[in-house]
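**Student:** One structure follows; several queries about it will come next.
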Amino acid sequence: MSRPVLVATDLDGTLIRTDGTVSGRTREALRQVENSGSTVVFVTGRPTRVMADVVRQTAVSGLAICANGALVYDLDAGVPVSQTVLETPAALRLAAAIRAVVPDVTFAVESGVRFGREPEFLTMWPDPDELVAGFRELLEHLPATKLLVRRGGASLADVYTTVVELAGAEAVVTTSSHDLIEIAGPGVSKAVALAELAGERGVRAAEVVAFGDMPNDLPMFAWAGHSVAVANAHPDVLAAADEITASNDDDGVAQVLERLFS
């Protein structure tokens with residue numbers, strides 16, 4: 001493609017290395033994009049509360065799409081700009097239905113910049129301000145930007161399709177790792193949020209390059225003018241991509257950006 005106007009990239013497993021760092025080469029490539037007048041937008045499943053380290057490592061500013069598209073976040077001000085919530089009655093019904101099928105699951109709630117979890121839920125990012133309570137109490141205090149579902153550290157691949165069926169039209173179910181299922185309000189996706197953000201800037205899909213590695217990136221891949229999967233991506237993502245680059249640990253995103261913005 002010609003030089004893109006907007007660069008949309010996933011973070012974990014894509015831009016960020018396995019050890020949680022962003023390489024100097026990647027930082028320089030992102031700087032080159034911004035110096036050219038194009039825009040970098042992080043499009044991630046991450047919650048807003050763990051974006052500060054990414055900003056520190058990359059020096060990228062502006063807006064980010066978080067929680068798989070449920071929330072747009074101002075990286076400079078550190079505040080949500082807009083968000084879509086999963087209605088509490090729907091969240092309660094869906095959690096009960098999931099537990100009826102998979103009794104040993106536990107739940108957590110991302111709510112804007114706040115986080116809450118059931119006592120048994122194992123979190124990736126401990127939060128000193130988290131609310132620990134039963135599921136109904138969590139929802140009383142924290143409207144759900146996103147529900148997280150875990151079964152200890154065990155894989156949920158065997159029940160993913162079942163959870164999708166249980167959600168029906170009430171919620172959107174995605175996954176970004178084998179041991180976590182993520183649930184957002186109806187119509188939420190990385191693609192929808194990215195299309196809205198691009199449209200506000202007068203940017204067409206054909207002017208967007210998107211990078212990703214997991215199935216929650218597939219809607220974004222289908223929308224963007226050019227999609228790039230890192231070599232370590234999920235097989236479905238590799239199959240859907242217009243281009244495959246090197247892995248996240250080998251600066252795959254930077255390699256493509258260097259070519260596009262040279």
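The values are calculated or read from the model by the stated rules, or taken from the named source; none is laboratory data. Just so you know, these numbers come straight off a predicted model, no measurement behind them. Neighbour counts run over all protein chains shown; Cβ positions are idealised from the backbone, glycine included. Surface areas here come from the heavy atoms of the whole protein model, side chains and all, with no ligands, DNA or RNA. Shrake-Rupley method; radii C 1.70, N 1.55, O 1.52, S 1.80 Å.
**Student:** Could you list all residues from segment 107-157 that are open to solvent by 30 Å² or more (accessible area, probe 1.4 Å), small (G, A, S) and within 21 Å of A90 (Cα to Cα)?
**Tutor:** Matches in segment 107-157: G134 only.
**Student:** Being of a type in the set (A, V, I, L, M) and within 19 Å of the chain's Cα centre (by Cα) is the filter here, so list the residues in segment 135-162 that pass it.
**Tutor:** Passing the criteria: A144, L147, L148, V149, L156, A157.
**Student:** Another question, then. Which of the residues spanning segment 210-247 are among the charged types (D, E, K, R), open to solvent by less than 30 Å² (accessible area, probe 1.4 Å) and farther than 12 Å from L194 by Cβ?
**Tutor:** D213
**Student:** Out of the residues in segment 36-60 that are of a type in the set (S, T, Y) and part of a loop (DSSP other than H, G, I, E, B), which is surrounded by the fewest Cβ atoms within 10 Å (Cβ to Cβ)?
**Tutor:** Result: S36.
**Student:** Okay, next question. For the structure I just gave you, tell me whether G187 is assigned to a loop (DSSP other than H, G, I, E, B) and in contact (Cβ under 8 Å) with a residue 60 or more places away in the chain.
**Tutor:** In short, yes.
**Student:** So how many residues does segment 181-211 have that are in contact with a Lys or Arg (Cβ under 8 Å, 6 or more places away or on another chain) and closer than 20 Å to I16 by Cβ?
**Tutor:** The qualifying residues number 1.
**Student:** Which ones in segment 13-35 are part of a strand (DSSP E or B) and either on the phi > 0 side of the Ramachandran plot or modelled with pLDDT under 95 (or both)?
**Tutor:** none
**Student:** Select from segment 57-74 the residues that are hydrophobic (A, V, I, L, M, F, W, C) and within 15 Å of the chain's Cα centre (by Cα) and list them in ascending order.
**Tutor:** Scanning segment 57-74 gives L63, A64, I65, C66, A67, A70, L71, V72.
**Student:** Could you check how many residues of segment 61-104 are assigned to a loop (DSSP other than H, G, I, E, B), within 21 Å of R151 (Cα to Cα) and open to solvent by 30 Å² or more (accessible area, probe 1.4 Å)?
**Tutor:** Final tally of qualifying residues: 2.
**Student:** Oh, and also: Got at least one residue in segment 139-152 being assigned to a helix (DSSP H, G or I) and of a type outside the set (D, E)?
**Tutor:** yes
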